[in-house]
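Accompanying notes for the structure given below.
Quick note: the coordinates plus some simple rules give every number you see, no bench work behind them. Bear in mind that the values here come from a model prediction, so they are computed numbers and not experimental data. Ideal geometry is used to build each Cβ from the backbone, glycine not excepted, and the neighbour counts take in all protein chains shown.
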């Protein structure tokens, strides 16, 4: 009797962690860009969550409102958020590379205020849930429970991004330039890397990653002003847990936070948010440099 | 310069004292909010400007003060008791959490305070039995200022409550002024500028940081305790990290290396808000733009800008 019970519990936990895994992937996409920007540019970007939100809104408009093809909508959203990212970096972020952390946070916080109100002005303040593309409808049977195909797609997409990111950083010329300037900006500049252009491309790339997270979430998550603000703190948590500027750590951090969140909902439905921050505080106190920090 | 400063200060205090004589209810209400934010931000600046620690969780202590004062006022109708409870709640929680935070500096300190602040937020949001959940606590009375056997002042008129907040705020600000100009304040500045040197002088850096953190918490709690009698309600967003950004913003706006910076910043904050809201409901777009502009252009803060740029210019012209 007891054996059956624990087996069921185990199944439940396993299933729950699969659900958590799909949530982890949104966090990972957000945290990956945040980590890249911090690791390479040295800027802690509060407004990164707003780029996530803009990606979601762009996809919602193109796919949900105008009825464009799902993939095309995502691609167009990435491009448009990428352009916004380029403008942001060229005009503003560029000027705060070397200033105090407090000013960086407040400047990017200013952009949160701007973007949040801007989407309210354009799209209205109502929460919106767009339809699901038909080829993703339906469920798989996992451990005898229905598991949405879309969640599986999100998990695979997140892992794919992780692999592609790793390949880009390790195997391409651009990746090498990024790693070089992350470890020593001046030296990289001295051997002929054009740092300003490199930084713009990194920021745009990070913005597109955030937009991808927002875009992929549109069919299942609510699109509303403030979703960026809600996600950014968790992404901060992950970035710190992983060791600031460490992508491998960010990936593991996203898995931890996502799965913990889903367990938290199951076991302590009331204090799920509390637990996430307890975990973050404990890791910060015990290992301030993060799980994978240097 | 010094004479002018004292003159300006006296004029300002006189103005504040006589404000209810000619101001309407709305102006008094706004001034109370400015005072609350000033006290909140001044405490915060003891950490940022004087100790060199950026806390992103001050709203947590503010909310501790607000909820504690609300809880007391719902049971005992005594304004002073509520205020004291708020201060104590802010101070004690800052002492306990600060013990865990001050071991770390820079970004780690900021992230740690952020997560503690968000813990308090999630408690306020979800612990329905105590905090009323997302509805918050409602129907908090603006209890009379009551010292049993001596006096009892009705606080219902806005003017009376304004004087209560004003007097306590001025006392608190004066005490903080003395603190930052005391040997303790100098030690904090020393820690900010060169941690190692202060440590070599045999001073326990952690204890000083902890004390500074606790004082900031006391001030946040005090500021928080002013709010429930004013609004008759407290809600969880008070503890949210976006509220923690407020003292950071106004302090940077006014200037972190001047004592009056946070006060000037608070005045500007409400002034800007009040003006923009008249024209558009999307005031945050404009406020955000102003914040961005200020960070890019006036990084030293408004106060420094005036004393170092505008003031010498005026003086030069006088001499001609």
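Relative to the longest principal axis of the C-alpha atoms of chain A, give the angle of the C-alpha long axis of helix A:48-59, reported between 0 and 90° and rounded to the nearest 10°.
Taking Cα atoms only, the helix is inclined about 70 degrees.
If one takes the longest principal axis of the Cα atoms in chain A, at what angle in degrees, from 0 to 90 and to the nearest 10, does the Cα axis of helix A:101-123 lie?
Once rounded, the angle reads 60 degrees.
From Cα coordinates alone, what are the radius of gyration and Dmax values for the range B:23-240 in angstrom?
When restricted to the Cα atoms of the range B:23-240, Rg and Dmax are 17.8, 56 Å.
Which peptide among B:25-36, A:252-263 comes first, and what is the full order, when sorted by highest mean count of other Cβ atoms within 10 Å? Before the final figure, lay out each step's value.
Numbers: B:25-36: 17.8, A:252-263: 22.4.
Result, highest mean first: A:252-263, B:25-36.
For chain B, set up a GNM with springs between Cα atoms under 10 Å and report which of B:76, B:291, B:277 has the largest fluctuation.
Evaluated over chain B, the most mobile residue of the options is B:277.
Highest mean first, how do A:144-157, B:5-18 rank when packing is the count of other Cβ atoms within 10 Å averaged over residues? Could you put the intermediate results ahead of the total?
Values: A:144-157: 15.8, B:5-18: 11.0.
Answer by packing, highest mean first, reads A:144-157, B:5-18.
What do you get for the angle between helix A:272-286 and the principal long axis of chain A? Use alpha-carbon atoms, 0 to 90 degrees, nearest ten.
Here the helix axis deviates by roughly 50 degrees.
Sequence gap at least 6, Cα distance under 8 Å: using those rules, report the relative contact order of chain B to the nearest whole percent.
Dividing the mean separation by the residue count of chain B yields 30 percent.
Pull out a ≥ b ≥ c, the square roots of the eigenvalues of the alpha-carbon gyration tensor of the range B:201-261, then state rounded if a/c is under 1.5, prolate if not and a/b is larger than b/c, and oblate in the remaining case. The partial results should precede the final answer.
Details: a/c = 2.41, a/b = 1.63, b/c = 1.48.
Since a/c reaches 1.5 and a/b is larger than b/c, the shape of the range B:201-261 is classed as prolate.
What residue among A:247, A:54, A:113 has the largest mean-square fluctuation in a Gaussian network model of chain A, using Cα springs under 10 Å?
Greatest mean-square fluctuation among the candidates belongs to A:113.
What ranking, highest mean first, results for peptides A:179-191, B:228-240 when packing means the other Cβ atoms within 10 Å averaged over each residue?
Values: A:179-191: 14.1, B:228-240: 21.4.
Those peptides, ordered most packed to least, come out B:228-240, A:179-191.
Kirkwood hydrodynamic radius, chain A, all distinct C-alpha pairs: what's the number in Å?
On the way: mean 1/r = 0.0505 Å⁻¹.
After inverting the mean inverse Cα-Cα distance, the result is 19.8 Å.
In nm, give the distance between the simple-model label positions of residue A:94 and residue B:13, each being 7 Å from the Cα along the Cα-to-Cβ direction.
5.0 nm
I need B:75, B:96 ordered by Cβ neighbour count within 10 Å, fewest first.
On the way: B:75 10, B:96 13.
Fewest to most other Cβ atoms nearby, the residues stand as B:75, B:96.
Given axes a ≥ b ≥ c from the Cα gyration tensor, I'd like to know whether the range B:106-199 is rounded (a/c under 1.5), prolate (a/b larger than b/c) or oblate.
On the way: a/c = 3.65, a/b = 1.30, b/c = 2.81.
Oblate, since a/c reaches 1.5 and b/c is not below a/b.
For A:110-123, what's the mean count of beta carbons from other chains sitting within 10 Å of each residue's beta carbon?
Working: counts 13, 4, 5, 13, 9, 3, 5, 9, 4, 0, 4, 5, 0, 0.
Neighbouring Cβ atoms belonging to other protein chains average 5 per residue here.
If you build a Gaussian network model of chain B, linking Cα atoms that sit under 10 Å apart, which residue out of B:138, B:248, B:264 swings the most?
The residue with the greatest mean-square fluctuation here is B:138.
Please work out how much length the chain gains when fully extended from residue B:271 to residue B:193, using 0.36 nm per residue of separation minus the C-alpha to C-alpha distance, in nm with one decimal.
On the way: separation 78, 0.36 × 78 = 28.08 nm, distance 3.34 nm.
Roughly 24.7 nm would be gained on extension.
Per residue of B:49-56, what is the mean number of Cβ atoms on other protein chains within 10 angstrom of that residue's Cβ?
Values: counts 1, 0, 0, 2, 0, 5, 0, 5.
Per residue, the average neighbour count from other chains is 2.
By its C-alpha gyration tensor, with a ≥ b ≥ c as the square roots of the eigenvalues, how is the protein assembly as shown shaped: rounded for a/c under 1.5, else prolate for a/b larger than b/c, else oblate? Don't skip to the end; give the middle numbers.
Working: a/c = 1.75, a/b = 1.42, b/c = 1.23.
Taking the square roots of the gyration eigenvalues as a ≥ b ≥ c, the protein assembly as shown is prolate.
What's the average, rounded to a whole number, of partner chain beta-carbon atoms within 10 Å of each residue's beta-carbon in B:287-298?
On the way: counts 4, 12, 4, 2, 9, 11, 2, 4, 13, 8, 1, 0.
Counting other chains' Cβ atoms within 10 Å and averaging over B:287-298 gives 6.
Find the relative contact order for chain A and round it to a whole percent, using C-alpha pairs within less than 8 Å whose residues are 6+ positions apart. Before the final figure, lay out each step's value.
Numbers: 415 pairs, mean separation 111.4, N = 294.
That works out to 38 percent.
Evaluate E = 1/(1 + (r/R0)^6) for residue A:129 and residue A:267, where r is the Cβ-Cβ distance and R0 equals 22 Å; express this FRET efficiency to the nearest 0.05. Could you put the intermediate results ahead of the total?
Details: r = 27 Å, r/R0 = 1.23.
The value I calculate is 0.20.
Given a cut-off of under 8 Å on Cα pairs at least six residues apart, what relative contact order in percent is computed for the range B:245-320?
On the way: 70 pairs, mean separation 25.8, N = 76.
It comes to 34 percent, rounded to a whole number.
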